[in-house]
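Taking it in order: structure first as structure tokens, then the write-up.
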Amino acid sequence: MRLILPILIASAALAAEPTALPPELVPDNQLPAVSLMPVGSVLTKVTIPSYDAGRRLRASLRAMELTVVDSQTLEAKNVRLDFFNIDRSAKGRVDLKFARFDQQKGTLDTREPVEMISEDFHAEGAGLSYVVEQSKGFLIGPVKTRFYAKPQQPASP
């Protein structure tokens, strides 16, 4: 339980506020451009933005290399996931050496080193399983996490 708590707090800290949408407006997890590319296609220096229901930038995925494994699976090397506040300021980031994205399940998985950074914490792990739709993940151990206390505001007279 001691290891799971920091991971759950870390993933919640980076997660965007969930927005209830009617079923017809719920975005599909699939990347439409991938369906047009043949298996084995390789894209370099890729950026994929993600927006909330108000069309505000919520997150972006950048990868040095993105490979189409099959119609449902993508593999990426040197990945950075950036998360943003409503005002577009940086909320946090996740750095991955390698990741596999299953479009059908909406999951991002890696068993390579992972680093998560925000104002409130810094976590490193040996892997990550992340469910995109729920904005929740599990950092695989061994894990090292540091939480940062916010400076106390002076008491007003």
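The values are calculated or read from the model by the stated rules, or taken from the named source; none is laboratory data. A quick note: this is a predicted structure, and the numbers were derived from the prediction, not measured. Note that each Cβ is placed from the backbone with ideal geometry, even for glycine, and that neighbours are counted across all protein chains shown. To get the accessible areas, we keep the full protein, side chains included, count just its heavy atoms, and leave off ligands, DNA and RNA. Shrake-Rupley method; radii C 1.70, N 1.55, O 1.52, S 1.80 Å.
Expressed as a whole percent, the accessible surface of segment 37-157 that belongs to carbon and sulfur atoms is 53, based on a 1.4 Å probe. Karplus-derived 3J(HN,Hα) values for segment 54-70, using 6.51 cos²θ - 1.76 cosθ + 1.60 with θ = phi - 60°, are x, 6, 9, 4, 9, 6, 8, 10, 10, 9, 6, 8, 10, 10, 7, 7, 7 Hz; glycine and proline are entered as x. Cross-link pairs exceeding 28 Å between alpha carbons, from the set LYS91/LYS144; LYS105/LYS150; LYS77/LYS150: LYS105/LYS150; LYS77/LYS150. Just the Cα atoms of segment 74-157, one point each, no solvent: what log10 I(q)/I(0) does Debye give at q = 0.11, 0.23 Å⁻¹? Taking Cα atoms of segment 74-157 as identical point scatterers yields -0.36, -1.18. At a probe radius of 1.4 angstrom, the accessible area of segment 45-115 per residue rounds to 57 square angstrom.
Starting from segment 65-157, pick out the chymotrypsin sites (Phe, Trp or Tyr not before Pro) whose DSSP state is loop and whose Cβ has at most 15 other Cβ atoms within 10 Å.
Details: sites: PHE83, PHE84, PHE98, PHE101, PHE121, TYR130, PHE138, PHE147, TYR148; in loops: TYR148.
Passing both the DSSP loop test and the Cβ count: TYR148.
The GluC sites (Glu not before Pro) of segment 78-157 meeting both criteria, a DSSP state outside H, G, I, E and B (loop) and at most 14 other C-beta atoms within 10 angstrom of the site's C-beta, are GLU119, GLU133. Label-to-label distance for GLU119 and ASP102 is 3.6 nm, based on points extended 7 Å past Cα in the beta-carbon direction.
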